[in-house]
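A.B. asks: Just passing along the structure, written as structure tokens.
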Amino acid sequence: MWVGDGVLLAATLVWGTTFVIVRDAVQDVPPLLFIALRFTLATAVVLPLALRSRGLPDTRSLGAGALVGFWLFVGFAFQTTGLVEVLPARAAFLTGLAVVLVPVLLFAVYRRLPSFGSLVGVLLATAGLALLTGVGREGFSRGDLLVLVGAAGFAFQLLAVDRYSASVGSLRLLLVELTAVALLAWPATLLLEEWPRKISIVGWKGVIITALLATLGALWAQNWAQQRITPTRAAVILTMEPVFAAVYSYLATGERFGFAGLLGAVLILSGMMAAVLLPRPSAPDDPR
């Protein structure tokens, strides 16, 4: 279980650092085109690996991967579009609200309450996220709404991965979900966006980094880790994403946060520890 925690935390570190990279890229590349290029490149890289390991999808993995990919597309489409207007740290907090949605969805879908430790951890982490990013200072904007819808998509994707990763296999599931996102993104960008005449080095840099690290590497790590940990536990670990986003944003752009931000980071870490260490009931909150 601890190995799964560490792998998912590493994936979260990658996702946290890409908020700044994506926001810079989408100032130059339309958001849906950015997603289409990103996931097409990731699919092209993972396909030979799947062929070599005989990880080509079967009927079950096609259905499971399509569902996971649909929610992943919803998450990234709305989040990336929102990042055109929302600063990285604020977007990281709003995306982190997926943490709050996971226990609610667990109850709504599976009729099972999360453990006491998980609930305490989510509450502490959510309070920490609010302090870290100072949500509410600038009012609620259209960009905020877009990122919030994306957070809901990520919450559903988190549960879908938990439901299917063990029975389908991480590589097979990864191939199908990446392909599904690419297939959804290309028609969306053709219908809804005006293509740029050319893409700058910053734009291509963002596509390549996010495709190889944040998409291929981190999603594969998430699929593997969620075979070993519960969805609420995974959601609490994912609350570290805005911590990493805030730190990287400070290093890369000079974006600062004061005492409240530091207190928020402490609360997030406390939430993670509560979810891991507080007593758990005999019936786990894993729906599998």
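We did not get these values from a lab; they are worked out from the coordinates using the rules stated. Since we're looking at a predicted model, the values are computed, not measured. Virtual Cβ from ideal backbone geometry, glycine too; neighbours counted across all protein chains shown.
A.B. asks: Given a 10 angstrom Cα cut-off, can you work out which residue in 189, 43, 12 is the most mobile in a GNM of the chain?
C.D. replies: 189
A.B. asks: What ranking do 198, 205 get, fewest neighbouring Cβ atoms within 10 angstrom at the top?
C.D. replies: With the fewest neighbours first, 198, 205 line up as 198, 205.
A.B. asks: Where is the GNM fluctuation largest for the chain (alpha-carbon springs, 10 angstrom cutoff): 52, 172, 23?
C.D. replies: 52
A.B. asks: For the stretch 56-150, what class follows from the C-alpha gyration tensor (a ≥ b ≥ c being the square roots of its eigenvalues): rounded when a/c is under 1.5, otherwise prolate if a/b is larger than b/c, else oblate?
C.D. replies: Cα axes put the stretch 56-150 in the oblate bin.
A.B. asks: While we're here: Hydropathy at least -0.5 by Kyte-Doolittle, axial extent at least 30 angstrom from the Cα trace: which helices of the chain, defined as entire DSSP H runs, fit?
C.D. replies: 2-25, 31-52, 59-82, 142-168, 170-192
A.B. asks: Report the full-extension gain for the segment residue 111 to residue 141: residue separation times 0.36 nm, less the Cα-Cα distance, to one decimal in nm.
C.D. replies: This chain segment gains 7.4 nm when fully extended.
A.B. asks: Evaluated at 20 °C with a viscosity of 1.002 mPa s, what Stokes-Einstein diffusion coefficient in µm²/s does the chain have when Rh comes from the Kirkwood expression over alpha-carbon pairs?
C.D. replies: 114 µm²/s
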